[in-house]
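Written below as structure tokens is the structure these notes are about.
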Amino acid sequence: MADQIRPKWALVAHGGAGAISRGQLSPEQEVAYRDAMAVAADAGAAVLRAGGSAMDAVEAAIHLLEDDPLFNAGRGAAFTAEGRNELDASIMDGATLGAGAVAGVTTTRHPISAARAVIEGSTHVMLGGEGADAFARSQGLEQVDPSYFFTERRWLALEKGLARLGLPIPARPTGAPQDLSGKAALVHEEGKYGTVGVVALDAHGDVAAGTSTGGSSAKRWGRVGDSPIIGAGTYASNKGCAVSCTGAGEYFIRLGVAHEICALVRHKGLSLQAAADQVIQGELTALGGDGGVICVAPDGQMAWSFNTPGMYRARIADGEPLVVGVYKDET
Ligand code: ASP
């Protein structure tokens, strides 16, 4: 039955969950986010439509989101309390359980590609800090000046956050560009949200998941969230599903959210939506955490669940139209 309705391929993307409610975004801001989600989902779908792998689709779609200053990943990442961009990412191949992650990279343009290179170019799963950037460089991945990631919008969010915490405002980073993009003026929250993630099912029946983030604004002491932690922010197994998370990372780590959803599908036989809802609406909410997930299963089921007022999201599958959502009351 499930096989008969299985789409040949499917992809779901998120651009972060959080306090995104109607009236908070201007019509222009809303259009900009919806367009960006659509473009990224389409790019991933193009890979899948051409018979490409779920891993390639996840990486291609995340590249666009990392390059887009609207999102808290790659260019546009949140700042640490010291005024730096320290980026985290992970990716997992559901066919092989190959997994790669980087935490705290500062010069690698595409952290998701660094995470993927960890699978293919090392015997490790997770690399951190300067070593992770050095590894990415050794793999031929593009390096940039740290000021490449700077956006005025996230800097303003940092200043606001630090003022609230009573912490000093660091000097503006060397080489910080002027705000010329226009997009940088879209300050509607505190830079806490905007993590990106993509899950995909390819025509071979393999699933993959990837997540990339700047982490939480004003983070301190080398804080690392759930996004680069396999099992917490990202998980994929052809025996269960593929999941990417966004939200208050500390809660997602404690619940092992991504793996938990896959375990409910695999061992309890829950539908993907029921599993996602049980963990997000049930366990995460009970623990006091907020955020959301996107999921895809090898039989073509797609799901998202979030307990915040909004989550930037998109889904598309073979023979099905692209659906983009922002607020809770949309499908
Ligand atoms: N989960 C990310 C983190 O905790 C942040 C987010 O998704 O908004 O680093």
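Each reported figure results from applying straightforward, stated rules to the coordinates on display, with no laboratory input. Note that this is a predicted model, so its numbers are computed, not measured. Note that each Cβ is placed from the backbone with ideal geometry, even for glycine, and that neighbours are counted across all protein chains shown.
Taken over the chain, lysine pairs spaced eight or more positions apart, or on distinct chains, with alpha carbons under 15 Å apart number 4. Rounded to the nearest 20 debye, the dipole size of the chain about its Cα centre is 500 debye, using +1 on the Cβ of Lys and Arg and -1 on the Cβ of Asp and Glu.
With viscosity set to 1.002 mPa s and temperature to 20 °C, compute the Stokes-Einstein D of the stretch 249-331, Rh being the Kirkwood radius across alpha carbon pairs; µm²/s, no decimals.
Here the translational diffusion coefficient equals 162 µm²/s.
Seen against the Cα atoms of the chain and their longest principal axis, helix 54-67 is set at about 20 degrees. Seen against the Cα atoms of the chain and their longest principal axis, helix 129-138 is set at about 70 degrees.
Note on the chain: helix-only mean residue ellipticity at 222 nm, from DSSP H runs of 4+ residues weighted -39500 (n - 2.57) and normalised by residue number, equals -9500 deg cm²/dmol. Computed from the Cα positions only, the extents of the chain along the three principal axes stand at 60, 46, 36 Å, in decreasing order.
Counting only other residues whose beta carbon sits under 14 Å from that of GLN139, what net charge do I get with K and R as +1, D and E as -1?
-1
Helix 257-268 and the longest principal axis of the C-alpha atoms of the chain enclose an angle of approximately 10°.
Looking only at the stretch 63-102, which residues have a backbone nitrogen under 19 Å from a spot 7 Å from the Cα of THR174 in the C-beta direction? Of the residues in the stretch 63-102, 80, 82-86 have backbone N under 19 Å from the label point off THR174. Other residues lying with their Cβ under 9 Å from the Cβ of THR308 contribute a combined charge of 0, Lys and Arg counting +1, Asp and Glu -1. Taking every alpha-carbon pair under 8 Å whose residues sit at least 6 apart, the stretch 1-132 reaches a relative contact order of 15 percent.
Rg ratio for the stretch 1-92: its Cα radius of gyration over 2.2 N^0.38 Å, N being its residue count, equals 1.29.
Please arrange VAL118, VAL144 by how many other C-beta atoms lie within 10 Å of their C-beta, fewest to most.
Ordered from fewest to most neighbouring Cβ atoms within 10 Å, VAL118, VAL144 come out as VAL144, VAL118.
Sequentially through the stretch 163-176, phi angles give Karplus couplings (6.51, -1.76, 1.60; θ = phi - 60°) of 4, 5, 7, x, 9, x, 8, x, 5, 4, x, 4, x, 4 Hz, Gly and Pro residues having no value and appearing as x. By DSSP, what percent of the beta bridges with both residues in the chain are antiparallel, rounded to the nearest 5? Beta bridges within the chain, antiparallel portion: roughly 90 percent. As a proxy for reagent exposure, HIS110, HIS204 were ordered by neighbouring Cβ count within 10 angstrom, fewest first; the result is HIS204, HIS110. In terms of the mean number of neighbouring beta-carbon atoms within 10 Å, the peptides 205-215, 28-38, 271-281 order highest first as 205-215, 271-281, 28-38.
Taking θ as phi - 60° and the Karplus parameters 6.51, -1.76 and 1.60, the scalar couplings of the stretch 274-291 work out to 5, 5, 5, 5, 4, 7, 7, 6, x, 5, 5, 5, 4, 7, x, x, 10, x Hz in sequence order, x denoting glycine and proline.
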